[in-house]
1. Select the strands (runs of 3 or more DSSP E) contained entirely in the range 1-99, then report the ones holding at least 2 residues which are farther than 19 Å from PRO168 by Cβ, hydrophobic (A, V, I, L, M, F, W, C) and modelled with pLDDT of 65 or more.
2. Determine whether the range 108-120 contains at least one residue that is modelled with pLDDT of 95 or more, within 13 Å of the chain's Cα centre (by Cα) and either crowded, with 20+ Cβ neighbours inside 10 Å or not aromatic (Phe, Trp, Tyr) (or both).
3. Being within 18 Å of ASN80 (Cα to Cα), in a helix (DSSP H, G or I) and at pLDDT 65 or above: is that true of GLU161 here?
4. Just name the residue that is surrounded by the fewest Cβ atoms within 10 Å (Cβ to Cβ) out of those in the range 126-150 that are farther than 15 Å from ARG183 by Cα and in contact with a strand residue (DSSP E or B) (Cβ under 6 Å, 6 or more places away or on another chain).
Amino acid sequence: MVDSKISLVNRRMGADDIPLDEYFGGKKRFFNPTYETNVVKVFAGDCYITTREDEMVATVLGSCVSACVRDPIAKVGGMNHFLLPGDENSDNKASDAARYGVFAMESLINGLLNAGAQKPRLEFKVFGGGNVINNSARIGTKNANFVRDFLKREGYRITTEDLEGDFPRSVHYYPITGKVMVRKLKRQSDCMVAAEEAKYQQKISIKPIEGDIELF
């Protein structure tokens, strides 16, 4: 599903992109002279909300999923980045793992509502969930199915999605205008992205699950 404000690009990273080693190791916020805007990186477990027109949020996704959400009237938007813990060999119950996804989605939605957004006007675009590691767990598909099911259950419509596949992605999102640039990265990027996600998955596998959040 593609709309007029999403650019899907399948090519190698260029001079205007953030190199992966700099993305994972560089500053979290910086000015990009090519885009003439401030870039804010959103890592696994993060949620960022803004009302500033001079900001673009950026993330790199393997099996993780990001929701890009905005209210075009209130001019507020944001992005999250999350991964459900556990795999086929994990003792985590599916319902327990899903609570991480619920927390990530409700944190973003509640943050937008607190900043002046209204639920009927929220615009949802979702990305990621690539099966970048060849195993039977298909973690990316599980994350993609979760975000689809969550939004359907809550009565929200996805306006744009680029989910699943077998490649990592970089996502650049302008929260105020809704413009998105998605690049499908070269296969050699898989190892670096998967290694970073494995670190995060190990972290949340031993971290207590967050409590429930009440939606407004």
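The values are calculated or read from the model by the stated rules, or taken from the named source; none is laboratory data. Everything numeric in this text was worked out from a predicted model, so none of it was measured. All Cβ positions, glycine included, derive from the backbone under ideal geometry; neighbour counts span all protein chains shown.
1. Working: elements: 6-10, 29-32, 37-41, 47-50, 55-61, 65-71, 76-80.
The qualifying strands (runs of 3 or more DSSP E) are 29-32, 47-50.
2. Yes, because at least one residue in the range 108-120 is modelled with pLDDT of 95 or more, within 13 Å of the chain's Cα centre (by Cα) and either crowded, with 20+ Cβ neighbours inside 10 Å or not aromatic (Phe, Trp, Tyr) (or both).
3. When the stated conditions are applied, GLU161 does not pass them.
4. So, considering only residues that are farther than 15 Å from ARG183 by Cα and in contact with a strand residue (DSSP E or B) (Cβ under 6 Å, 6 or more places away or on another chain), the one surrounded by the fewest Cβ atoms within 10 Å (Cβ to Cβ) is ALA144.
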